[in-house]
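*Asks:* If you scroll down you'll find the structure; I have some questions about it.
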Amino acid sequence: MAGIVVSALVLYWPYLVILALTFELLRPHFQKKKTRAFPDLKAKKVTDVYEKRKEAADDSDNEGDDGDDDEYKPPIAPDVPFVPYTAPRYSEKEMLERSQAFFEEMNQRRTIRFYSDRPVPMEVMESIIRTAGTSPSGAHTEPWTYVVVSDAKLKEDIRAIVEAEEEINYTKRMAGQWTADLKFVRTEWTKPYLTEAPYIVLLFKQVYGLMPRGRKKNHYYNEISCSISCGLFLAAVHHAGLATLTSTPMNCGPALRQLLNRPENEKLLLLLPVGYPSDDAMVPGIGRKPLDEIMVSY
Ligand SMILES: Cc1cc2nc3c(=O)[nH]c(=O)nc-3n(C[C@H](O)[C@H](O)[C@H](O)COP(=O)(O)O)c2cc1C
């Protein structure tokens, strides 16, 4: 074997030398090409990753898709007409009176955990939710679904799911400080109001929207938009003479989404019973921060 290699080297060494020289001459050219192409590619990838991370950090509840911009048609036509804005105008005196009266009214709102089973007309719920739907939302995506449950069996099922999780929350998941901070509301894992109140409203945030051809529509800041909408919902419930309870049932989202057969772009944000407070309803005797603790003016 070694003999064959030696004879080949003796016979073909001039060709081997030419081959080696050619390679050495062309090497810088290949290297230049490689380094020219590679940094561009790498820079693009790094930028993509950076942009994705930045987006995720800026808007952690935004799960939509914004790729393929060439074909993209925004959900609201860019040439949607501008129309004159008309709204009631008040004198300064009227403004002051109205704002003070509204504060007095809203200052009476309390979170209620004891309900009467007295029925409430569905039409009232409809206008309350219409009010919630007047909320501003990121890029006017209106990323909310208000699921209104009055069916007795469904309310029982919801209660069973919530109580099963709340028992674990109260005994295991919630840390010492958390349970200590909640002592004043005297809540326990049992939630009788979920079957007592005539309605349970479940607010689902739509983390993305659905567009033609299976494309996902970005729902920018969907959680903030839903939270603002919920604020309007709370005000509308109170304004109608009803009561509610803002609750965040920990770990119940997937089971409740499944029970209510909601699509996969919807995630449970809040659960709110709605009805009349029971005649013996009690609330913690807490106050609210004064203006000088919540407002700074420059
Ligand atoms: C985001 C959020 C989550 C809440 N979660 C619960 C809850 O799970 N259970 C409950 O009994 N109250 C809950 N509350 C109600 C608060 O305890 C209540 O708003 C607070 O004690 C002030 O009382 P008030 O609403 O009567 O002014 C929640 C309120 C908010 C805004």
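The values are calculated or read from the model by the stated rules, or taken from the named source; none is laboratory data. Only a predicted model underlies this, so the values are computations on that prediction, with no experimental measurement involved. We place every Cβ from the backbone using ideal geometry, glycine too, and count neighbours over all the protein chains shown. In case anyone asks, the SASA skips ligands and DNA or RNA and just uses the protein heavy atoms, side chains included. Shrake-Rupley method; radii C 1.70, N 1.55, O 1.52, S 1.80 Å.
*Asks:* Round to a whole number: what % of the accessible area of the range 77-166 belongs to carbon and sulfur, probe 1.4 Å? Spell out each step's value before the answer.
*Replies:* On the way: 3650 of 6320 Å².
Summing carbon and sulfur atoms, their accessible area is 58 percent of the total for the range 77-166.
*Asks:* Then there is this: Quick check on my link table: of Lys155/Lys205; Lys183/Lys289; Lys217/Lys289, which ones sit more than 30 Å apart, alpha carbon to alpha carbon? Mind showing how you got there, number by number?
*Replies:* Working: Lys155/Lys205 20 Å; Lys183/Lys289 20 Å; Lys217/Lys289 40 Å.
With Cα atoms farther than 30 Å apart: Lys217/Lys289.
*Asks:* Continuing with this model, one more query. Under a 1.4 angstrom probe, counting protein chains only, how are Met125, Met250, Met95 ranked by accessible area, largest first? Let's see the in-between values first.
*Replies:* Working: Met125 0, Met250 50, Met95 100 Å².
Ranked list, largest accessible area first: Met95, Met250, Met125.
*Asks:* Per residue, how much accessible area does the range 95-281 show when a 1.4 Å probe rolls over the protein heavy atoms, in square angstrom? The partial results should precede the final answer.
*Replies:* Numbers: 10020 Å² over 187 residues.
Ligands and nucleic acids excluded, the result is 54 Å² per residue.
*Asks:* Could you compute the FRET efficiency for Gln177 and Ala281, with r as their C-beta to C-beta distance and R0 at 25 Å, rounded to 0.05?
*Replies:* Values: r = 28 Å, r/R0 = 1.12.
Taking R0 as 25 Å, the efficiency between Gln177 and Ala281 is 0.35.
*Asks:* Once label points are set 7 Å from the Cα along Cα→Cβ at both Ala160 and Trp189, what is their separation, rounded to one decimal in nm?
*Replies:* Modelled inter-label distance: 1.7 nm.
*Asks:* If you don't mind, there's one more thing I want to ask. Please arrange Phe184, Phe103, Phe82, Phe204 by accessible surface area, largest first, computed with a 1.4 Å probe and ligands excluded. Please report the intermediate quantities before stating the final value.
*Replies:* On the way: Phe184 90, Phe103 115, Phe82 200, Phe204 0 Å².
I get Phe82, Phe103, Phe184, Phe204, largest accessible area first.
*Asks:* When DSSP assigns beta bridges and you keep just the ones with both residues in the range 95-281, what percent turn out antiparallel, to the nearest 5? Numbers along the way, then the final one.
*Replies:* On the way: 21 of 22 bridges.
Bridges in the range 95-281 that DSSP calls antiparallel: roughly 95 percent.
*Asks:* Of all accessible surface on the range 171-298 at a 1.4 Å probe, what whole percent is carbon and sulfur?
*Replies:* Values: 4070 of 7370 Å².
Here carbon and sulfur together make up 55 percent of the probe-accessible area.
*Asks:* So, one more: Could I have the simple spin-label model distance between Thr248 and Arg110, label points 7 Å from Cα toward Cβ, reported in nm to one decimal?
*Replies:* 2.4 nm
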